[in-house]
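The values are calculated or read from the model by the stated rules, or taken from the named source; none is laboratory data. Quick caveat, the model's predicted, so the values are computed rather than measured. For neighbour counting, all protein chains shown are included, and Cβ atoms are generated from backbone atoms with ideal geometry for every residue, glycine included.
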Amino acid sequence: MLLPSGWYVIAASSELKPNKPLGIERFQKNLVLWRDNNDKAVAMLDQCPHRSAKLSIGQIKQGCIECPFHGFSYDHEGRCTLVPEIKKAAANLTVQTFELVEKHGFIWLWYGGEPKTTDLPWFEALDQGKWSFSQQATNWKTHVTRCIENQLDYAHLPFVHRNTIGGNSDVTKPVKFELEDDSIRFYPGSEKNGSGFIEFRFPNIWMLTIVPGKFAQMMAFVPVNENMTRLYLRGYQSFVTIFGISTIFDTIGAWQSKYILNQDKRVVLSQIPNVSVDAAHEILYPSDQGIRHFRRRWLETSQ
């Protein structure tokens with residue numbers, strides 16, 4: 001896939017259980033995630049180099065992943081540690097592995113050239129104060145660029161979300177944009193001191209601050225392949241913190257968010273071409289400043 005280099009959220013930490021391989025598709029590659037004896041997440045190609053069986057349907061033994069076909073074992077660096085029929089390791093058998101970081105309840109993978117920084121893109125406000133959050137995931141049958149651009153578009157609110165969050169939206173009001181090489185931020189209230197703002201950080205995370213320090217939504221847009229994107233949606237809140245009550249509150253919020261997101265989905269899946277940066281025929285308007293900047297930076301940094 002033609003994507004910018006960077007640290008990408010690829011899965012939620014809660015999806016990867018101890019002693020249980022997880023087969024996923026990301027970046028148009030079949031990968032297997034698993035945890036070693038130190039509970040560290042490992043990512044490698046989901047294919048045994050011996051006879052091409054999927055490692056994800058194997059099992060974890062003694063800190064290694066074992067192929068279900070002939071029992072060949074591989075360590076966290078992809079080295080074959082045991083070939084059962086010869087009872088020893090095989091230096092000529094290796095599986096490609098990928099650099100991972102696990103933080104903020106997500107598993108991040110470096111995609112592209114050699115990492116130039118160990119800093120992950122993130123929203124510092126989510127590390128401040130006492131937050132509770134709910135999390136859900138869904139797959140959309142379209143390219144990651146269309147999913148991201150939908151969340152950079154405020155002018156659709158009174159039309160797509162007329163009966164939910166967009167009923168009182170006025171698209172004629174000016175919007176303040178801050179466009180950086182690695183981020184896009186805008187203030188629908190036109191001023192920085194307005195309560196709400198939206199921010200995207202390349203390559204694949206987004207946040208809507210509804211009430212600073214109190215209420216926010218965060219999304220990660222995960223490239224599965226050219227025609228599929230996995231969306232992780234979190235609803236954060238800090239004003240109901242009593243255990244039990246906060247869980248109920250978060251559950252209700254998650255249901256509302258899912259309903260609103262499905263309103264978007266119906267329209268986004270209708271867009272052709274599904275790779276937005278290929279849509280040279282589209283004529284952008286002032287409300288599309290963020291989208292214009294996104295497309296330019298996406299193309300400039302993709303490889």
Residue identified as among the β-branched types (Val, Ile, Thr), touching an Asp or Glu at 6+ places or on another chain (Cβ under 8 Å) and either in the same structural domain as Ala220 (by TED's automatic domain parsing) or surrounded by 15 or more Cβ atoms within 10 Å (Cβ to Cβ) (or both) among Val144, Val160, Val175: Val160
Scope the range 276-291; condition within 21 Å of the chain's Cα centre (by Cα) and of a type outside the set (Ser, Thr, Tyr); matching residues: Val277, Gly290, Ile291
Scope the range 94-122; condition of a type in the set (A, V, I, L, M, F, W, C) and either surrounded by fewer than 17 Cβ atoms within 10 Å (Cβ to Cβ) or under 20 Å from the mean Cα position of the chain (by Cα) (or both); matching residues: Phe98, Leu100, Val101, Phe106, Ile107, Trp108, Leu109, Trp110, Leu120, Trp122
Positions within the range 228-242 being of a type in the set (Val, Ile, Thr) and either closer than 17 Å to Leu120 by Cβ or modelled with pLDDT under 95 (or both), in sequence order: Val240, Thr241, Ile242
Qualifying residue in the range 207-227 (condition: assigned to a strand (DSSP E or B), in contact with a Pro (Cβ under 7 Å, 6 or more places away or on another chain) and either among the basic types (Lys, Arg) or modelled with pLDDT of 95 or more (or both)): no
Conditions (1) under 22 Å from Tyr111 (Cβ atoms); (2) exposed (fewer than 14 other Cβ atoms within 10 Å of the Cβ); (3) modelled with pLDDT of 95 or more; (4) hydrophobic (A, V, I, L, M, F, W, C): number failed by Leu2: (3)
Phe69, sole failed condition from (1) assigned to a strand (DSSP E or B); (2) free of Cβ contacts under 8 Å to residues at least 40 places away in the same chain; (3) in contact with a His (Cβ under 8 Å, 6 or more places away or on another chain); (4) of a type in the set (A, V, I, L, M, F, W, C): (1)
Residues that are under 15 Å from Gln135 (Cβ atoms) and either among the polar types (S, T, N, Q) or in contact with a Pro (Cβ under 6 Å, 6 or more places away or on another chain) (or both), drawn from the range 9-35: Ser13, Ser14
Number of positions in the range 116-142 that are closer than 19 Å to Arg26 by Cα and either free of Cβ contacts under 8 Å to residues at least 60 places away in the same chain or of a type in the set (A, V, I, L, M, F, W, C) (or both): 3
Flag if Lys88 is surrounded by fewer than 12 Cβ atoms within 10 Å (Cβ to Cβ), touching a strand residue (DSSP E or B) at 6+ places or on another chain (Cβ under 8 Å) and either on the phi < 0 side of the Ramachandran plot or in contact (Cβ under 8 Å) with a residue 12 or more places away in the chain (or both): yes
